[in-house]
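In what follows, a single structure is set out as structure tokens and then discussed.
The values are calculated or read from the model by the stated rules, or taken from the named source; none is laboratory data. In this text, all values refer to a predicted model and were calculated from it rather than measured experimentally. Here the Cβ is made from the backbone with ideal geometry for all residues, glycine too, and neighbour counts use every protein chain on show.
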Amino acid sequence: MGEGSLRVAMRDHPQGQVTEGDFLIEETARPVPGPGQALVRVRYLSLDPYMRPMMNPVRSYVEPLKPGQTMPGATVGEVVESNEDALPVGTHVACMLGWQEYGLVTKETARIVDADAADISLALHVLGMTGATAHYGLLRLGDPEPGETVVVTAASGAVGGIVGQLAKIRGCRVIGIAGGPEKCRYVKEELGFDECLDHRADDFEQRLSELTPDWVDILFENVGGPILDAILPRMNDHGRIVLCGNISDYDRDEPYGLKGLSHLLLHRVNVYSFVIADHREYWPQAIAELAGWVKDGRIRFREDIAQGGLEGAPAAFINMLTGRNFGKQLLEVAPASVDHPAGN
């Protein structure tokens, strides 16, 4: 095993849509674990929309990336060298190592993953941050009641797909919005939504109106922009909007600017915006409940795993941002088998 570790950094702040030229791929020295640390070889990297606004030099809930910094991201991998008894060699862990092949963790920064209970990749979506996001956003903030109408944008995506299924478990009528007939078929036939609308279709707004005769009680919003504007007039009195993402704006030089904000006041709609990283204490209960539903077959999901190692991360990231992926976007950074460093 060599002594290097490949990483992907942001070369410079993107101007508009992200391109592969906005990234720098380089080999660095593999880190050496100190006391209480373990060296992890990354197996899978999660590629998520939140990474895009972090590339902009603007005030946000986290410090924006600076040119030359390693791209952030959730990872799952295997401990290959350890100075921490709680993280022996061979342990699988979920951690935030970003776009790199190797990284250091402690028992406080790594969550042990049971590789025998489920595929370790699930720790990056339905049994990880993605699942906790859907669970907290819908069940805690949206607080759905049986019989209510729930609309989910980006319904075929990692978060949206789980949200809709949680709403069905709660006894709601669920309408998904996705891009293209294939994704809409998946949302309705495999995930079990009651309906799914193609936002690219010419009759999208007409169909939305027809399918919400009693209005929309909860909107779980991942997209923003014109799609959100189309839904706002359909909101019920005292409805709830859970604002999870705004992916339509991430590549814009100027924000879209909603035209239908008056509907929030007219219908006394409550808007809840959140970032799941603010609610770490909620994750264990959410993941435990989701694990039971996955085991029972009540929660289904799809993974889109890009191949080719870390060099393929920029292209896979761009595919996800432009909606060319299908399901949770992951990157396989390294194969399952690893040779542990000598003496460990």
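For residues that are farther than 20 Å from Gly292 by Cβ and among the hydroxyl-bearing types (Ser, Thr, Tyr), scanning just the range 128-174, find the one that is nearest to the chain's Cα centre (by Cα). In this case the residue turns out to be Ser156. Considering only residues that are surrounded by 24 or more Cβ atoms within 10 Å (Cβ to Cβ), in contact with a Leu (Cβ under 8 Å, 6 or more places away or on another chain) and of a type outside the set (S, T, N, Q), which ones fall in the range 153-196? Scanning the range 153-196 gives Ala155, Gly161, Ile162, Val163, Gly164, Leu166, Ala167, Ile175, Gly176, Ile177, Ala178. When residues in the range 114-135 are screened for being in a loop (DSSP other than H, G, I, E, B), in contact with a strand residue (DSSP E or B) (Cβ under 9 Å, 6 or more places away or on another chain) and of a type outside the set (Asp, Glu), 5 of them pass. When Asp119 is tested against (1) under 30 Å from Arg298 (Cβ atoms); (2) in contact with a helix residue (DSSP H, G or I) (Cβ under 7 Å, 6 or more places away or on another chain); (3) free of Cβ contacts under 8 Å to residues at least 60 places away in the same chain, just one condition goes unmet, and that condition is (2). Annotation: of all residues in the range 69-113 being part of a loop (DSSP other than H, G, I, E, B), in contact (Cβ under 8 Å) with a residue 40 or more places away in the chain and acidic (Asp, Glu), the one that is farthest from Glu311 (Cα to Cα) is Glu84. Regarding Val163, is this residue among the β-branched types (Val, Ile, Thr) and within 15 Å of Thr212 (Cβ to Cβ)? Spelling it out, it is not the case that Val163 is among the β-branched types (Val, Ile, Thr) and within 15 Å of Thr212 (Cβ to Cβ).
Tallying residues that are within 18 Å of Val163 (Cα to Cα) and not in a helix (DSSP H, G or I) within the range 269-285 yields 5. When Val58, Val8 are checked against the criterion of being outside any helix (DSSP H, G or I), touching a Leu at 6+ places or on another chain (Cβ under 7 Å) and either free of Cβ contacts under 8 Å to residues at least 12 places away in the same chain or over 18 Å from Tyr250 (Cα atoms) (or both), a single residue qualifies: Val8.
The set of residues from the range 132-176 being modelled with pLDDT under 95 and over 14 Å from Phe193 (Cβ atoms) comprises just one member, Ala158.
The number of residues in the range 236-268 being modelled with pLDDT of 95 or more, part of a loop (DSSP other than H, G, I, E, B) and either buried (at least 19 other Cβ atoms within 10 Å of the Cβ) or in contact with a Phe, Trp or Tyr (Cβ under 9 Å, 6 or more places away or on another chain) (or both) comes to 2.
Residues in the range 11-48 that are in contact with a strand residue (DSSP E or B) (Cβ under 8 Å, 6 or more places away or on another chain) and either without any contact (Cβ under 8 Å) to a residue 12 or more places away in the chain or aliphatic (A, V, I, L, M) (or both): Leu24, Ile25, Ala29, Val32, Ala38, Leu39, Val40, Val42, Leu45, Leu47. Taking the condition in contact with a strand residue (DSSP E or B) (Cβ under 9 Å, 6 or more places away or on another chain), crowded, with 19+ Cβ neighbours inside 10 Å, at pLDDT below 95 and small (Gly, Ala, Ser), does Gly224 pass? Spelling it out, Gly224 is indeed in contact with a strand residue (DSSP E or B) (Cβ under 9 Å, 6 or more places away or on another chain), crowded, with 19+ Cβ neighbours inside 10 Å, at pLDDT below 95 and small (Gly, Ala, Ser). Name the residues in the range 21-49 that are part of a helix (DSSP H, G or I) and surrounded by fewer than 14 Cβ atoms within 10 Å (Cβ to Cβ), would you? Within the range 21-49, just Gly21 meets the criteria. Count of the range 326-344 residues, restricted to those that are among the polar types (S, T, N, Q), in a loop (DSSP other than H, G, I, E, B) and modelled with pLDDT of 90 or more, is 0.
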